[in-house]
1. Name the single residue, out of those in the stretch 97-113 being within 23 Å of Ala172 (Cβ to Cβ) and assigned to a strand (DSSP E or B), that is farthest from the chain's Cα centre (by Cα).
2. Can you tell me which residue among Asn164, Asn152 is buried (at least 17 other Cβ atoms within 10 Å of the Cβ) and not aliphatic (A, V, I, L, M)?
3. Please identify the pairs in which a residue from the stretch 158-185 that is free of Cβ contacts under 8 Å to residues at least 12 places away in the same chain has its Cβ atom under 7 Å from the Cβ atom of a residue that is assigned to a loop (DSSP other than H, G, I, E, B) and not β-branched (Val, Ile, Thr), counting only partners at least 6 apart or on another chain.
4. Which of the residues that make up the stretch 53-96 are of a type outside the set (Ser, Thr, Tyr), in a strand (DSSP E or B) and more than 17 Å from Glu147 (Cβ to Cβ)?
5. Can we say Ile19 is at pLDDT 85 or above and surrounded by 10 or more Cβ atoms within 10 Å (Cβ to Cβ)?
Amino acid sequence: MDRNRKIDCKKVFIFHRIINLIRRKIYTFGYRYLLKNKTLQVGFKTRICLNDIQIGKNVIIGNDVSIGTELDSGKLILEDNVVIDNNCILDCTGELIIKKNTHISGNVTIYTHSHGLDPHNKPIPNKLEIGKKCWIGKETAILQGIEKIGDNCIFGFRSLVTKNCEANTIYAGNPAKKIRHREDV
């Protein structure tokens, strides 16, 4: 009986090794799509687990980006010329809209839902809209509960965004605070 169990474990182990090799081949293959006059470039090891996604022209999604949802109702809208750099996590459990010419730097995390105080509760989604020509600096975290980030915002390195943000403003810090108003736009 024990011997049969060991053989079954070996078969399962081999099966998982084969599946992981196949996944690695799929995930490590970068893609460049041409969809009705739209160009979408997706990097290596990028995972998109979402049913409702709308993509504009010239969108670039970097390597090892994770885009997902905890509910089937999640939605992502990427307008024209959006760049999402490497190692980002975009939670689209609520609705996430990223407007034209926005750049999201590496290791950025964006959440659109909350579980309240119990992680086992059903997710509570909220809509987040990131304005035009925003630049979200490296390792910034945008937490749940935010509804709007205005146009032309800049977020400094490792900012923690916890509130709605005005247009044409520079933010930095933990939590992110207004540094100054942008005069160049």
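The values are calculated or read from the model by the stated rules, or taken from the named source; none is laboratory data. All values reported here derive from a predicted model rather than from experimental measurement. Glycine gets a Cβ as well: all are built from the backbone with ideal geometry, and neighbour counts include every protein chain shown.
1. Of everything passing the filter in the stretch 97-113, His103 is farthest from the chain's Cα centre (by Cα).
2. Asn152
3. Correct list of pairs: empty, since none qualify.
4. Ile53, Gln54, Ile55, Val59, Ile60, Ile61, Ile67, Gly68, Leu78, Val83, Ile84, Ile89
5. So Ile19 fails the test.
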